[in-house]
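Engineer: A single structure is presented below for examination.
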Amino acid sequence: MTNMVDAVSRAVVLTVGLVAVLLAGCGSDRDGDDSREVNQADARELVEEYGRQVFGAVHAPAQGLDPIPNPCDGRFGEISGTVYPMVGHGQIPVPEAEQVGTLARLRDHWQQHGYSVEEDRVFPDGRTGTVAVRNPVDGMRIRVTSTEPPTMFALMVSTPCYRSDEPL
């Protein structure tokens, strides 16, 4: 009976330890800082500001964005209700003939401003592509991708994962 109690005690200790490790990583974006508290209004404004900058750089009218909080998954795939990125999706009208060149100009612009390029590729059709960057100063991410048909870019702007007690 003592051996069984010791085995159960060890299992409980191991389980509690594992749960503690999982919760410690909960919501931690690999590049984000979930220890910072941010309210949703400030995160939403940050996404909108980055979106305005992209629309301005392309000289296109803003279409959409409407930032919303999303659950943030942790290192082990767990989801937290108090850690989230604010994500905005929009569209940028760009003629097909200008898409690859516009993506290259955006990439060059972001690189000149110290952003890290996470993805930069032209799709096999040679007319469309995608560019994704991260601002190392604040962790903001921007992705611009050609749509099908290639008449627009899909834009995604997101904050890193932040901690907030506001419900999603």
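The numbers here are math on the coordinates, done by the rules we state, and not lab data. The structure displayed is predicted, hence computed values, not measured ones. FYI the Cβ positions are ideal-geometry reconstructions off the backbone, even for glycines, and counts take in every protein chain you see.
Engineer: Which fully enclosed strands (runs of 3 or more DSSP E) of region 43-143 have 1 or more residues being among the charged types (D, E, K, R) and free of Cβ contacts under 8 Å to residues at least 60 places away in the same chain?
Structural biologist: Of the strands (runs of 3 or more DSSP E) lying wholly inside region 43-143, those with at least 1 residues that are among the charged types (D, E, K, R) and free of Cβ contacts under 8 Å to residues at least 60 places away in the same chain span 63-69, 116-122.
Engineer: Please indicate, with yes or no, whether at least one residue in region 49-59 is more than 12 Å from V157 (Cα to Cα), surrounded by fewer than 21 Cβ atoms within 10 Å (Cβ to Cβ), in contact with a strand residue (DSSP E or B) (Cβ under 8 Å, 6 or more places away or on another chain) and not hydrophobic (A, V, I, L, M, F, W, C).
Structural biologist: no
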